[in-house]
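The values are calculated or read from the model by the stated rules, or taken from the named source; none is laboratory data. The model shown is predicted, which means the values in this text are computed figures rather than measured ones. Every residue, glycine among them, receives a Cβ derived from its backbone with ideal geometry; neighbour counts consider all protein chains shown. Ligands, DNA and RNA are stripped out before the accessible areas are found, and what is left, the full protein with its side chains, is counted by its heavy atoms. Shrake-Rupley method; radii C 1.70, N 1.55, O 1.52, S 1.80 Å.
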Protein chains: 2
Amino acid sequence: MSAFTLDGEGPLHGQIRRALSGAILTGRIPPGGRIPPESELMTLFGASRMTVHRALAALAAEGLVRRNRRAGTVASPEARGRAVFEIWDIGAEIRAAGHAHRFEILSRAVRQAGDDELDLPAAARLLDIATRHLSDGAPMQVEERLINLAAAPAAAEEPFAATPPGRWLLDHIPWTEAEHAIRAVAAPARVARLLGMKAGDAALVVERRTWNGSVPVTFARLWHPGDRHRLVGRFSAGG
Amino acid sequence: MSAFTLDGEGPLHGQIRRALSGAILTGRIPPGGRIPPESELMTLFGASRMTVHRALAALAAEGLVRRNRRAGTVASPEARGRAVFEIWDIGAEIRAAGHAHRFEILSRAVRQAGDDELDLPAAARLLDIATRHLSDGAPMQVEERLINLAAAPAAAEEPFAATPPGRWLLDHIPWTEAEHAIRAVAAPARVARLLGMKAGDAALVVERRTWNGSVPVTFARLWHPGDRHRLVGRFSAGG
DNA sequence: GCGGAGTTATTGTATAGACATTATTTTGCT
DNA sequence: AGCAAAATAATGTCTATACAATAACTCCGC
């Protein structure tokens, strides 16, 4: 039978979790393969049922196994499906890379909602604001942003002097849903000039929408020079 | 005092988790704000400590709260930092959009490792394979891939007739670490021709590396037509 | 006021036991 | 054989209890 070995490091439920996730990720238990029932794992690992259950529940939450009453626990065939990117705060990213972050507000206006990316009634008031972010003086991002003033009334009075709009929203306005889209497009002339690239050059565009419940909060279109900016995501399967 | 309300749906620990995560995400508990200790939550929710603890442990695992012995539990300031993309299987993506997926192997060769993206000794043998994926006949991705045959020996014999290399690797070769980089670049002539775009047009490039432990498994460079392909990630804060 | 020792609040881990839920298997009846 | 009812195997939830680990606080002697 599959003998599992504990590494002796840290709490028992963690050791059990690692032993099982290791067996799955190294292929010793193939996708769809059966994991012994809790009762059996209890004796295999010398642990109580709650402890074993805790380890299995964690694996199920990660998506590594699928569990069913009476039918048992199997290694999930679609275990490996997600890539996580941190694409929220260009300032933090620039500073993390050891550079100096500076930004400037390019334009700012309050206006009525129209045929916008934010799906709002025409009566709604929007803050329409454009920002440029620089890394050691080199332009790295142009941020075009619409803010629903009904969802973030304080934004109307905020000067965005020390904190750029994106970061300010993260800090002050709650949200519950977010959607991102990433595209590569030819840079229009205005953006190209601001980013120090030629019109038509490849730009990496991230579009972000957030909602609080069903109320749209903000829409942001973030332009990056294609050659100078990369989104990087790392995924380690150990949990 | 913050009164929390349970929604009565599903298991108690889930209700408690939602009640607390709701309070955090709607800003009722601000970032850095204190969550009552387990002993207090027990009486607030009428649950045992283990049940309360389970809810809090789940929130901590999600990163919504930070917990410290004796110091208590606080809402995490960097709670909202991740965007998750499913960028693994272009075939599944195309089919999910209701289109027909077809692919063709463009070239295939086994060769020695050289100055490659995979960081391998020169003696290592690689499978170097290029594939084109089509959605209802329209080219959607060019996949340039290197496979470390030491990590995936079976790949040498695999014809990749029914299953394209990326999907085949997912199904057959275990891995533990992955890294993704997303860029926008001007399409080189060869790729542009294969994707039905003009040379120099913006292409969205995803580069993926995977390892099994410390052994490199594969490197893939995935080219997409910038105007026709978007990566979309959704993030719902309810968990 | 300061350093250090003791106390305490809070989370972390683990167990045993009870009952609920659910899908499968078996049994029994026709 | 076929179908319905009962048994069963597995996970899911919850409680009560015990003790461990850690960091903050208190108090005391000087």
Considering each of A:Arg34, A:Arg54, A:Arg67 in turn, give the residue that is closer than 19 Å to A:Asp7 by Cβ and either within 13 Å of chain B (Cβ to nearest Cβ) or surrounded by fewer than 18 Cβ atoms within 10 Å (Cβ to Cβ) (or both).
-> A:Arg54
Of all residues making up the stretch B:118-148, the number that are outside any strand (DSSP E or B) and surrounded by 15 or more Cβ atoms within 10 Å (Cβ to Cβ) = 3
Within the stretch A:155-203, can you find the residues that are free of Cβ contacts under 8 Å to residues at least 24 places away in the same chain, of a type in the set (A, V, I, L, M, F, W, C) and farther than 22 Å from A:Leu126 by Cα?
-> A:Val185, A:Ala186, A:Ala189, A:Ala192, A:Ala199, A:Ala203
Does any residue in the stretch A:38-57 that is among the hydrophobic types (A, V, I, L, M, F, W, C) come within less than 7 Å, Cβ to Cβ, of a residue that is within 7 Å of DNA strand C (Cβ to nearest atom) and open to solvent by 20 Å² or more (accessible area, probe 1.4 Å) six or more places away or on a different chain, and which pairs are these?
-> A:Met42/A:Ser48; A:Met42/A:Arg49; A:Ala47/A:Leu12; A:Ala55/A:His13
Looking at (1) on the phi > 0 side of the Ramachandran plot; (2) at pLDDT 95 or above, which is the only condition B:Gly200 fails?
-> (2)
Count of the stretch B:60-80 residues which are touching a helix residue (DSSP H, G or I) at 6+ places or on another chain (Cβ under 6 Å) and either in a helix (DSSP H, G or I) or within 11 Å of DNA strand D (Cβ to nearest atom) (or both) | 1
Of the criteria (1) in contact with a helix residue (DSSP H, G or I) (Cβ under 9 Å, 6 or more places away or on another chain); (2) touching a residue at least 24 places away in the same chain (Cβ under 8 Å), which one A:Val206 fails = (1)
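For (1) open to solvent by less than 50 Å² (accessible area, probe 1.4 Å); (2) farther than 24 Å from A:Leu204 by Cα; (3) more than 14 Å from chain B (Cβ to nearest Cβ); (4) not charged (D, E, K, R), each residue gets a yes or a no:
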{"residue": "A:Ile24", "(1), (2), (3), (4)": "yes, yes, no, yes"}
{"residue": "A:Gly27", "(1), (2), (3), (4)": "yes, yes, no, yes"}
{"residue": "A:Ile94", "(1), (2), (3), (4)": "yes, no, yes, yes"}
{"residue": "A:Gln112", "(1), (2), (3), (4)": "no, yes, yes, yes"}
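A quick yes/no check of all residues on (1) under 27 Å from B:Ala92 (Cβ atoms); (2) at pLDDT below 90; (3) out of contact with any Ser or Thr (no Cβ under 9 Å at 6 or more places or on another chain):
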site: A:Arg17; (1), (2), (3): no, no, yes
site: A:Arg54; (1), (2), (3): no, no, yes
site: A:Ala57; (1), (2), (3): no, no, yes
site: A:Thr73; (1), (2), (3): yes, no, yes
site: A:His101; (1), (2), (3): no, no, no
Quick one: which of B:Leu194, B:Leu169 is among the aliphatic types (A, V, I, L, M) and at pLDDT 95 or above?
-> B:Leu194
Residues of the stretch A:39-52 being within 11 Å of DNA strand D (Cβ to nearest atom) and under 12 Å from A:Leu20 (Cα atoms), which ones?
-> A:Leu41, A:Val52
Mind listing whichever residues of the stretch A:1-57 are assigned to a loop (DSSP other than H, G, I, E, B), of a type in the set (Ser, Thr, Tyr) and closer than 29 Å to B:His172 by Cβ?
-> A:Ser2, A:Thr5, A:Thr26
Among the candidates A:Gly14, A:Gly10, which residue alone is within 12 Å of DNA strand C (Cβ to nearest atom), exposed (fewer than 13 other Cβ atoms within 10 Å of the Cβ) and not hydroxyl-bearing (Ser, Thr, Tyr)?
-> A:Gly10
